[in-house]
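Inspection log for the structure reproduced underneath, given as structure tokens.
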Amino acid sequence: MEALWQDIRYGIRQLLRERGSSIVAVLTLALGIGAATAIVSVIDAAMLRPLPYPDPERLVSVEVEVAQRDGQVFSPSPAMADVRLYQEAGDIFAQVAGWGSEFRGRIVDGPEPERVQVSRFTEDYLSIHGVAPLLGRDFTLEDTQFGAPAVALLGYDYWQSRYGGRREVVGETIRLDDGVVTIVGVLPASFNAKVPLARPLQVPLAEMAMRGSGRLSVMARLQNGVTPAQAGERLLARVSGASPDPDLHGTPVRVVVSSELESAVNRHQVTVNIIASAVALILLLACVNVAGLLLARGAARQPELAVRASLGAGRLRLIRQLLTESVVLALAGGVVGVMLAWLGLNAIVANVPMTLPANVPVTVNLRVLTATVALLVPTVMLFGLVPAVRLSQVRVVSAMSNGGRQTSRSLSRRGGQYLIAAEVALAVVLVTGAGLMLRSFARLTAVDLGFNPDRLVTMEVLPLERDPAAHTAYYADLLRRLRTIPGVESAGLVDSFALEGGSSYTGFRGTGARVFTRVARTLPGYFETIGVRVREGRLPAEPDYATGSSGAVINESAARGLFPDGPAVGRQFSQGAASGSWTVLAVIADLRHGGPLDRRGPNFPQVFLPLQPEAVALDQSLMVVLRTVDRIPVSGDRLRHAAQSIGPRVLIERIRTANDWFGDRVITPRRRTVMLGLLGSLGLLLALVGVFGMTAYAVSRRTAEIGLRMVFGAQPGQVVRTVLMDSAVPIAIGVAIGLAGAAAVTRVIRSFLFETAPTDTATYAAVAVTLVAAGCLAALGPAMRASRVDPAVTLRSE
């Protein structure tokens, strides 16, 4: 231990003596270790703690696959009768609960009405997760009976924001659009903190056995020793014996019991693997850099090592001393790296292309620090072992007979070139991945949406009066009022905006087969405001929106499906023989309703009908769409005042630009691009530092040679070219090797790319040119310094 402590103290003194190179080495390691620490923090939250509940491996979801008479097998959402049946299977499940959420939420009435999201669950849902209310009580079985008194639990964030965290809130009431609800408790901050309200899941008796309503999911906790596969097999017979009417709901053929923990982990597996691999390359690149630095610095230490050897230090003793110095260096880099990770963690989390658990904060905790310390061991081996072994091969007589001159070649010219090639190759792989993501994202944002989103502003508005005719009249008055506001070029209204994502669907029949289509309802001005392209006919005018009007607008895909035998304008289509028909006024270009990544594709049929009172949902906000005169949007306060000044009390929800909506549609690709772009930039920076360092070392080692060349007539330009060529050749070789490696490695991000091949020629060419140019620029500084060597001074020193 005394010898080890001496080695540590000497290692610290050695680092302080060589401050410049030590700082470079520490910062280089800090970048690699910091990136690794930050990613380990994300992995800890997303993969190791995705379900922060007791015994998360026992949490499962339950689905039933049923077969219909036509032979098709599908998984309808469970019925409440299924939940009650599963609760009786005490040999399989310890607890069972049903849960769901309301699609539109509920409106909280008050001085400033607001819409809040509401989750619904049965009496055991909290206990399954090992959670108890922070205040008050949990739901009981009686609360879930249809017609029971309305009660609710407050989410922690909503309790803090609306009620100021008052503990007396239990027992108070809150007025919603469907009645008055009594608050019976408050959920803890660690459980669904951002969901404002939770209410008991109540199902009418007539719907207890109805599967496929979409309002219910089932979660359960397995008994000890029961696997998900065993649970599914045991449950099938019970479900089949108690099946609802097979004519309506199908015959159960399989019960799927899925581990919630495995599902949460598998959801992010590909993304985590890709990011972790990129960070591993960065750490490897940092280690190669530091190994080269230690080898270069070792030339000056040959006399010292020779003296140690002459005094009896064996080779293993020298290796131990050198490795101890590497450990000190790694510890310093680790400390700085953890600090960098901690400082930049919020920015990294904001750009991680994953949905992280809301109740699992990403932190640099004890587990992460332990992993970082464990990571230092292979890091030291990667950058410290080779220099230690190489430098320990000291020749005592040779080193001491040269009078301290640095004639040893601890890092040969060819060895330095190998390091440059390795660094550049690793950087090429990283930069190529980043380049492919950038090219993919550029193509994604350049997709033709079928309309012009520039200068569009949207506002969701809902009158609180419960009269469909009053709703329709209010919206018409609102549009007229908004068109008078300075700065507003045009205004329209729709129930489902083109970038909002949500929509309703139904089937129509023209002269061809029945076509499944998106359906939206509009008021005058919508098409002109968003800037659609008309292919046939004319856009509807004000009279076409009168009550009872049958004029409609369809997109090109709907026209091809409904009327495959000719032009669509002027022809009629309907939902069926018993329903009314609509006449096509115009055919417009296809709109990407869900943005450029619309899961139904760019050519999905869509029908636009006039908004009539009978089609107005009294709890659904409609979307006002404005086009402003210039790029500075009209203030939200002015729009809000206009909406509140013309009629009944209204609920005003999100006021956003179309670019905000577009950003929501591409947020995951954007985060992937930013994350891989940052990692690629970091790899490029480390490679350039390595090229600069190796070139500078080569110049210092060849100072005498360069002086002699200049004595015999070599010009500064020739010296610069010679030094540059010594670096350019390994850079070119590294680029070639890196591109070959990238062609193999970047296939793993194929699913991340949009209309871009993993071997995109333009990207590879751009990466090659960038790395060669940047590498040569990094080598130019040492080359220029070499051209200024004074031959007289060089020869005198020899």
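Summary of computed values
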{"quantity": "Rounded FRET efficiency, nearest 0.05, which uses the C-beta distance separating Val335 from Glu262 and R0 of 35 Å", "calculated": "0.45"}
{"quantity": "Trypsin sites (Lys or Arg not before Pro) restricted to DSSP loop in region 21-127 with at most 16 other C-beta within 10 Å", "calculated": "Arg69, Arg104"}
{"quantity": "Computed magnitude of the charge dipole of the chain (debye, nearest 20; Cβ of K, R +1, Cβ of D, E -1)", "calculated": "4000 debye"}
{"quantity": "Quotient of Cα Rg and 2.2 N^0.38 Å for the chain, N being how many residues it contains", "calculated": "1.24"}
{"quantity": "Positive-end residue, the chain charge dipole about Cα centroid, Cβ charges, pick of Ala687, Leu618, Met339", "calculated": "Ala687"}
{"quantity": "Residues in region 82-102 that a label on Arg234 would reach, taking backbone N under 13 Å of a point 7 Å out along Cα→Cβ", "calculated": "86-95"}
{"quantity": "Calculated FRET efficiency for the pair Arg671/Glu65, C-beta based, R₀ 41 Å, to 0.05", "calculated": "0.75"}
{"quantity": "Backbone N within region 367-389 under 18 Å of label point (7 Å from Leu356 Cα along the Cβ vector)", "calculated": "367-372"}
{"quantity": "FRET E, pair Ala347, Glu542, Förster distance 56 Å, beta-carbon r, rounded to 0.05", "calculated": "0.65"}
{"quantity": "Val769 versus Ala744: modelled label distance in nm, points set 7 Å from Cα along the beta carbon direction", "calculated": "2.8 nm"}
{"quantity": "Computed lengthening from Arg788 to Arg481, 0.36 nm per intervening residue step minus Cα-Cα distance", "calculated": "103.0 nm"}
{"quantity": "Where chymotrypsin sites (Phe, Trp or Tyr not before Pro) fall in DSSP loop in region 102-205, at most 14 other Cβ within 10 Å", "calculated": "Phe103, Phe146"}
{"quantity": "Point-charge dipole on Cβ atoms (K/R +1, D/E -1) for region 499-549, about Cα centre, debye to 20", "calculated": "300 debye"}
{"quantity": "Sulfur and carbon atoms: percent of accessible area, the chain [1.4 Å]", "calculated": "58 percent"}
{"quantity": "Net dipole in debye of region 59-190 [+1 Lys, Arg Cβ; -1 Asp, Glu Cβ; about Cα centre; nearest 20]", "calculated": "340 debye"}
{"quantity": "The chain: DSSP helices with Cα axial extent of at least 15 Å and average Kyte-Doolittle hydropathy no lower than 0.0", "calculated": "19-43, 269-298, 315-350, 366-391, 413-445, 667-701, 716-745, 761-786"}
{"quantity": "Helix-only mean residue ellipticity at 222 nm for the chain, each DSSP H run of n ≥ 4 adding -39500 (n - 2.57), per residue, nearest 500", "calculated": "-15500 deg cm²/dmol"}
{"quantity": "With all protein chains modelled, accessible area of Thr695 [1.4 Å, Å²]", "calculated": "0 Å²"}
{"quantity": "Label-point separation, Ala446 to Arg166 (7 Å along Cα→Cβ), nm", "calculated": "5.8 nm"}
{"quantity": "Packing-based ranking, highest mean first, of 596-608, 328-340, 564-576 given that Cβ atoms within 10 Å are counted", "calculated": "328-340, 596-608, 564-576"}
{"quantity": "Rounded accessible area per residue of the chain, 1.4 Å, Å²", "calculated": "45 Å²"}
{"quantity": "Two-decimal Rg/Rh across region 133-224, once Rg and the Kirkwood Rh are taken from alpha-carbon atoms", "calculated": "1.01"}
{"quantity": "Gyration tensor over alpha-carbon atoms, region 23-98, equivalent ellipsoid semi-axes in Å", "calculated": "47, 18, 8"}
{"quantity": "Residue (of Gln223, Val360, Ala97) at the positive-pole extreme of the chain, dipole from beta-carbon charges", "calculated": "Val360"}
{"quantity": "Estimated inter-spin distance, Ser681 and Val373, nm [label 7 Å along Cα→Cβ]", "calculated": "3.4 nm"}
{"quantity": "Region 172-188-region 525-570 distance, computed between alpha-carbon centres (Å)", "calculated": "45 Å"}
{"quantity": "Net length gained if the chain between Ala132 and Ser635 were fully extended (0.36 nm per residue, minus Cα distance)", "calculated": "176.7 nm"}
{"quantity": "Area of Val257 that stays accessible when all protein chains are in place (1.4 Å probe, Å², to 10)", "calculated": "20 Å²"}
{"quantity": "Share, in percent, of DSSP beta bridges within region 458-587 that are antiparallel, nearest 5", "calculated": "75 percent"}
{"quantity": "Surface accessible to a 1.4 Å probe, Ser504 within the full protein complex, Å²", "calculated": "60 Å²"}
{"quantity": "Charge dipole (the chain, unit charges on Cβ, about Cα centre) - positive-most of Gly537, Ala766, Ala568", "calculated": "Ala766"}
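The values are calculated or read from the model by the stated rules, or taken from the named source; none is laboratory data. Bear in mind that the values here come from a model prediction, so they are computed numbers and not experimental data. Backbone-built Cβ (ideal geometry, glycine too); neighbour counts: all protein chains shown. These accessible areas exclude ligands, DNA and RNA; they are computed on the full protein's heavy atoms, side chains included. Shrake-Rupley method; radii C 1.70, N 1.55, O 1.52, S 1.80 Å.
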